[in-house]
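These notes concern the structure reproduced below.
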Amino acid sequence: MKKQENINASRRGFIKTTSLGLAGTSLAGGSVSALLSTEAKAAEMQTVMTAAHWGPLGVVVQDGKVVKSGPAIEPSVVNELQSVVADQVHGETRVKYPMVRKGYLEGNKDSSLRGRDEWVRVSWDKAFELVANEMKRVREAHGPSAIFGGSYGWYSSGALHASRTLLQRYLNLTGGFVGVKGDYSTGAAQVIMPHVLGTIEVYEQQTSWEMILESSDIIVLWSANPLNTLRIAWTSTDQQGIEYFKKFKESGKRIICIDPVKSESCEFLGAEWVPVNTGTDVALMLGIAHTLVTENKHDKEFLKKYTTGFEKFESYLLGTEDKQPKDAAWASKICGVPVETIKQLAADFSSKRTMLMGGWGMQRQRHGEQSHWMLVTLASMLGQIGLPGGGFGLSYHYSNGGAPTATGGILGSITANPSTEAGAKTWLDETSKYSFPVARISEALLNPGKTIDYNGTQVTYPDIKVIYWSGGNPFTHHQDTNTLVKAWQKPDMVVVNECHWTPTARMADIVLPATTSYERNDLTMSGDYSMMNIYPMKQAVEPQFEAKNDYDIFAELAKRAGKEAEFTEGKTEMDWLKGFYQTAFDAARKNRVLMPKFEQFWQENKPITFKASEKAKKWVRYEEFRNDPLLNPLGTPSGKIEIYSDVVAKMNYDDCKGHPTWMEHEEFSGKTTAEEPLALVTPHSKYRLHSQLAYSSLRKLYAVNDREPVLIHTEDATARNIASGDIVRVFNKRGQVLAGAVVTDGIIKGTVAIHEGAWYDPQDLGQSEHPLCKNGNPNVLTRDEGTSKLAQGNSPNTATVQVEKFTGEVPTVTVFTEPKYTQE
Ligand SMILES: Nc1nc2c(c(=O)[nH]1)N[C@H]1C(S)=C(S)[C@@H](COP(=O)(O)OP(=O)(O)OC[C@H]3O[C@@H](n4cnc5c(=O)[nH]c(N)nc54)[C@H](O)[C@@H]3O)O[C@H]1N2
Ligand SMILES: Nc1nc2c(c(=O)[nH]1)N[C@H]1C(S)=C(S)[C@@H](COP(=O)(O)OP(=O)(O)OC[C@H]3O[C@@H](n4cnc5c(=O)[nH]c(N)nc54)[C@H](O)[C@@H]3O)O[C@H]1N2
Ligand SMILES: [Mo]
């Protein structure tokens with residue numbers, strides 16, 4: 001007790017003298033390690049440099065425990081996600097030991113017990129034996145098509161300890177598996193964009209921010225909230241994007257946010273907010289496009305030279321066939337934006353250099369293909385594509401798109417397909433043969449043998465007997481949770497590797513405790529597009545309790561299947577890291593950039609930072625195409641931007657035509673019922689990465705009455721006698737959740753918002769058709785339906801609900817406590 005107090009006292013002192021620990025280190029400066037070691041000495045603590053999706057971190061360790069964390073490189077806007085490493089490592093929700101569901105252990109075949117059974121702690125040896133034996137049985141009896149290893153998710157950063165890749169490496173080596181196509185982020189956009197632009201577009205470098213600052217008059221955040229979403233990156237954020245947005249704001253130029261929610265970005269940037277009904281942007285864009293044509297403000301030269309099929313689209317726009325011109329008045333009725341605003345946007349966009357920055361919330365809905373197709377069409381009509389600071393960009397809000405690409409080297413990383421193994425190709429063929437669009441998981445589990453359309457082809461669902469998930473959380477990320485609960489009962493075995501007792505871990509038969517990234521050594525790039533830094537990710541503390549690295553878990557399972565040598569290639573953790581570093585070293589040398597030797601880099605405990613060339617800073621997306629479309633054609637069949645796509649048209653889908661089209665969604669503000677009068681939108685949270693860190697102390701910053709907040713417009717709240725702070729029940733035909741009301745004018749009337757990633761916490765699972773989620777996971781309410789036959793993406797932002805004040809006895813949220821268990 002005394003000792004604890006002393007630690008706290010010195011910790012408080014430390015915080016006071018150093019603000020958030022490792023502040024003040026400049027990006028280019030080499031002072032990180034010096035700073036780290038002096039601070040550590042002063043406080044008799046050890047400070048370790050590491051990194052996470054949310055950036056470069058300094059982790060302060062005392063007596064083998066993480067006591068504090070902060071940015072290793074100070075970001076220009078505070079990123080609270082960096083401050084909770086201690087919660088991540090030592091929080092109450094850690095999975096400490098291998099666990100098996102009691103019924104599973106006893107051979108009870110009732111799989112509906114998943115999620116509500118008791119837990120039994122077993123030895124690692126027993127856990128390995130259970131997993132290895134069942135994998136062997138299922139493989140021999142049913143082959144690779146029975147083993148689902150898609151395992152979608154945002155596990156931790158790191159070139160080596162990539163939990164999903166390691167799972168798939170093990171599964172490939174032992175005979176293949178069922179994988180997935182696409183992702184939840186851009187399910188619709190990444191399938192339609194190649195037809196329109198010849199590239200995936202959503203994960204590509206954007207026109208350099210330097211050019212935006214220099215040339216753009218207006219930037220439009222269309223369904224984008226970069227202040228939240230740029231706090232993280234797939235590798236690790238280089239923290240540049242928010243800084244650039246801030247600079248643009250400081251230049252005094254216009255920023256417009258088109259969003260049903262007055263987002264954190266809108267507030268922070270002091271932007272103009274154009275509230276729009278959820279799911280109606282295509283109508284709004286058509287209204288703008290129609291105005292451009294009738295006022296003769298569209299760039300006919302550009303359309304002729306660089307696009308194909310505008311005439312067909314134009315006849316739809318003008319209503320030649322359906323007798324419905326898609327004019328501003330028509331659009332306004334659907335999208336809720338006043339006619340004058342629509343006309344003004346057309347005037348402003350066409351007279352000023354405008355960058356349309358499209359976020360992804362608006363394509364995570366039914367007919368999600370249409371919004372970005374229409375955005376590109378609108379940008380084509382404005383004629384600024386390929387000019388500095390003009391056109392469109394689909395990744396400014398993600399992983400610091402637009403931060404200039406640095407010249408240096410890129411780390412190697414562990415692969416799912418060890419090429420050394422003869423016969424690997426056959427497994428890969430098998431794997432891709434059985435894979436299905438990622439968000440069709442429930443449907444696939446429930447309907448083995450069913451065939452669906454997908455992007456001009458057909459996909460038949462395999463019969464899945466085993467689910468192995470490592471590094472994702474489908475019971476928060478997937479739509480229509482109640483259907484997923486049923487689908488999840490189909491397989492014979494569900495195994496989950498997890499650091500925390502997530503809702504998905506709770507739904508497993510076997511849970512294997514995984515280390516967090518702070519319990520192992522790794523490396524990561526930063527920036528995704530900028531490739532600006534190499535961050536060392538040094539182990540800060542010993543593996544907690546009986547947690548093992550995913551690498552070691554899969555190496556052991558590979559060993560039990562006779563494939564250990566192929567899995568490990570005989571290498572240790574440090575051997576792998578040295579190899580990955582060497583790849584970067586060699587590439588950098590080719591670029592005439594000198595990196596330190598690995599040993600020196602590792603010992604120095606600080607990032608390597610590469611510089612961007614002047615050319616990279618001046619890079620303009622589609623500039624080459626604009627300069628010479630014949631010499632630099634796009635990868636589309638016509639070599640041009642396809643406003644009309646023959647390929648898509650010939651697929652003959654009723655839900656995705658040959659040109660962008662407004663299609664009414666089954667549920668949206670224009671199609672509500674008396675039972676479900678409000679639209680639901682589910683943006684990404686500022687204080688989490690999806691479901692990650694939901695259990696952390698950051699929860700105090702947003703939880704309302706210990707529930708996930710629901711944003712509701714003042715008038716909608718008044719009509720229901722709801723005040724801020726009330727616990728409300730949000731419900732529809734698919735399910736019900738409790739949430740804490742935030743009454744605000746910062747959301748369009750008729751839409752309510754609950755952030756994705758809230759942990760699923762069902763009351764009386766298995767007792768009722770629609771168990772109440774005590775915490776407020778919005779996916780209990782969302783639709784589990786593909787965006788269309790083209791992309792089959794996820795469509796959570798298409799849903800209607802009702803909200804009422806909750807009057808019953810309020811149940812306690814229990815999902816953030818460790819479940820009870822017995823010892824075998
Ligand atoms: N309604 C709605 N639903 C959505 C969205 C939406 O906008 N609205 N967005 C969708 C999008 S874009 C995405 S990307 C998905 C995200 O869905 P997920 O990627 O599944 O969400 P995460 O919470 O990041 O899950 C990662 C899990 O990996 C675990 N983990 C971390 N490190 C390790 C490790 O080293 N080893 C192991 N074994 N596990 C580890 C974490 O504890 C966490 O449980 O959600 C989708 N769902
Ligand atoms: N802090 C934090 N950062 C993240 C993540 C996170 O969970 N937390 N997740 C990461 C991942 S995996 C991804 S894919 C990206 C997600 O990036 P996005 O998909 O762009 O993020 P969202 O928050 O879903 O949506 C952005 C904005 O679109 C709005 N929106 C939703 N529907 C509509 C609509 O119909 N019309 C219009 N005009 N606007 C709409 C939302 O209100 C929100 O303000 O973010 C990444 N960054
Ligand atoms: Mo995502």
(request) Return the only residue of V282, V337 being in contact with a Pro (Cβ under 7 Å, 6 or more places away or on another chain) and crowded, with 24+ Cβ neighbours inside 10 Å. (result) V282
(request) Name the single residue, out of those in the stretch 361-387 being under 24 Å from E623 (Cα atoms) and in a loop (DSSP other than H, G, I, E, B), that is nearest to ligand 3 (Cβ to nearest atom). (result) I385
(request) Could you pull out the residue among S788, S795 that is more than 10 Å from ligand 1 (Cβ to nearest atom) and among the polar types (S, T, N, Q)? (result) S788
(message) The conditions are (1) within 16 Å of ligand 1 (Cβ to nearest atom); (2) acidic (D, E); (3) over 30 Å from H142 (Cα atoms), and E204 fails exactly one of them. Which is it?
(response) (1)
(message) Can you go through P194, P144 and tell me which one is over 19 Å from E498 (Cβ atoms), more than 16 Å from ligand 1 (Cβ to nearest atom) and outside the structural domain of D509 (by the TED database)?
(response) P194
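Per-residue answers, yes or no, for (1) small (G, A, S); (2) within 30 Å of G391 (Cα to Cα); (3) under 32 Å from the mean Cα position of the chain (by Cα):
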position: Q582; (1), (2), (3): no, no, yes
position: D586; (1), (2), (3): no, no, yes
position: Q600; (1), (2), (3): no, no, no
position: K617; (1), (2), (3): no, yes, yes
position: E623; (1), (2), (3): no, yes, yes
(message) Kindly evaluate N277 against the criterion of being surrounded by fewer than 22 Cβ atoms within 10 Å (Cβ to Cβ) and either away from ligand 1 (no atom under 16 Å from the Cβ) or under 34 Å from the mean Cα position of the chain (by Cα) (or both).
(response) no
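This table checks each residue for (1) within 16 Å of ligand 1 (Cβ to nearest atom); (2) under 31 Å from the mean Cα position of the chain (by Cα); (3) closer than 25 Å to G639 by Cα; (4) buried (at least 17 other Cβ atoms within 10 Å of the Cβ).
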| site | (1), (2), (3), (4) |
| --- | --- |
| A271 | no, yes, no, yes |
| G287 | no, yes, no, yes |
| T291 | no, no, no, yes |
| L317 | no, no, yes, yes |
| D322 | no, no, no, no |
(request) Identify all residues within the stretch 691-735 that are under 22 Å from A679 (Cβ atoms) and among the acidic types (D, E); write none if there are none. (result) E708, E715, D716, D726
(request) Please note which strands (runs of 3 or more DSSP E) are completely contained in the stretch 705-803 and include at least 2 residues that are surrounded by fewer than 24 Cβ atoms within 10 Å (Cβ to Cβ). (result) 709-713, 727-732, 735-744
(request) Please go through the stretch 665-693 and pick out each residue that is away from ligand 3 (no atom under 16 Å from the Cβ), in contact (Cβ under 8 Å) with a residue 40 or more places away in the chain and assigned to a loop (DSSP other than H, G, I, E, B). (result) H665, E666, E667, S669, G670, T672, T673, E675, E676, P677, Y687
(message) Return the residues of the stretch 746-760 that are of a type outside the set (A, V, I, L, M, F, W, C) and within 11 Å of ligand 2 (Cβ to nearest atom); say none if nothing qualifies.
(response) G746, T751, H755, E756, G757
(message) Quick check on E642: is it within 16 Å of ligand 1 (Cβ to nearest atom) and not assigned by the TED database to the domain that holds T800?
(response) no
(request) Please specify each residue of the stretch 176-191 satisfying the condition of being within 15 Å of ligand 1 (Cβ to nearest atom), in a strand (DSSP E or B) and in contact with a helix residue (DSSP H, G or I) (Cβ under 6 Å, 6 or more places away or on another chain). (result) V180
(request) Return a yes/no flag: does the stretch 146-161 have any residue that is farther than 20 Å from D550 by Cβ and at pLDDT 95 or above. (result) yes
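The values are calculated or read from the model by the stated rules, or taken from the named source; none is laboratory data. Since the structure is predicted, the reported quantities are computational estimates derived from the model, not experimental observations. Heads up, the Cβs are rebuilt from the backbone with ideal geometry, glycines too, and the neighbour counts pull from every protein chain shown.
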